[in-house]
Amino acid sequence: MWKNKHVVVALLVAPVLAILSWFAVDKLVAEQPHAAKPGAVYTLAARSNCRYPSGRCDLHNADFQLTLARGQRDGIETLELESRHALRSAVLAIGASVDSLSGPLAMEPVGDGGVLWSLPAEGSVGEGGVLRLAVVAGQSSYFAELSTAFLSESSTAD
């Protein structure tokens, strides 16, 4: 069997062709990312640091990324939202459960550019709390609903 050149060449070429075909099929049939459409609403996914008392929560949808963190401004404890893209507005509601959510509170931009937003933190919400966030960037809207575990008392601000 090993004396036949055709078998040896086939054994060498077959794995290479299998790997190349794997990438070719992915290129042909995979869903391609697309730009946000004006007026569309997109969900933000929470990264793993949102489940633990880390003091910050990273949210993303493709290349659109936000970081929600506990911070301090002028001696007042705040919730701060940082974005890679300029935001037109940001609102959030926070409560101990979905039924006890506060009304949406508008966050205020810090400085120019619309990439840093702040809201004074009113009281402390425990690990079982719920936070809903909605932001507008360009002409698209993004929203997220997540646990407030990252804001619990044992968290540390960066």
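The values are calculated or read from the model by the stated rules, or taken from the named source; none is laboratory data. This is a predicted model, so every value here is computed, not measured. Ideal geometry is used to build each Cβ from the backbone, glycine not excepted, and the neighbour counts take in all protein chains shown.
Okay, here's what the table says:
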item	result
Flag for residue 57 being closer than 15 Å to residue 150 by Cα, in contact (Cβ under 8 Å) with a residue 12 or more places away in the chain and assigned to a helix (DSSP H, G or I)	no
Only one of 20, 28 that is farther than 16 Å from residue 132 by Cα, modelled with pLDDT of 95 or more and either of a type in the set (A, V, I, L, M) or under 26 Å from the mean Cα position of the chain (by Cα) (or both)	20
Residue tally, condition of a type in the set (Gly, Ala, Ser), over 18 Å from residue 136 (Cβ atoms) and in a loop (DSSP other than H, G, I, E, B), over segment 85-102	3
Residue ID - nearest to the chain's Cα centre (by Cα), chosen from residues in segment 60-84 that are of a type in the set (Gly, Ala, Ser) and either at pLDDT 90 or above or in a strand (DSSP E or B) (or both)	83
Checklist (1) closer than 15 Å to residue 146 by Cα; (2) basic (Lys, Arg); (3) free of Cβ contacts under 8 Å to residues at least 60 places away in the same chain applied to residue 51, failing item	(3)
Residues of segment 15-39 that turn out to be surrounded by fewer than 10 Cβ atoms within 10 Å (Cβ to Cβ) and farther than 30 Å from residue 63 by Cα, as a count	3
Boolean, residue 56 is touching a strand residue (DSSP E or B) at 6+ places or on another chain (Cβ under 9 Å), over 16 Å from residue 136 (Cβ atoms), basic (Lys, Arg) and assigned by TED's automatic domain parsing to the domain that holds residue 132	yes
Pairs with Cβ under 6 Å, 6+ apart, first in segment 68-84 and closer than 10 Å to residue 119 by Cβ, second of a type in the set (Phe, Trp, Tyr)	81/117
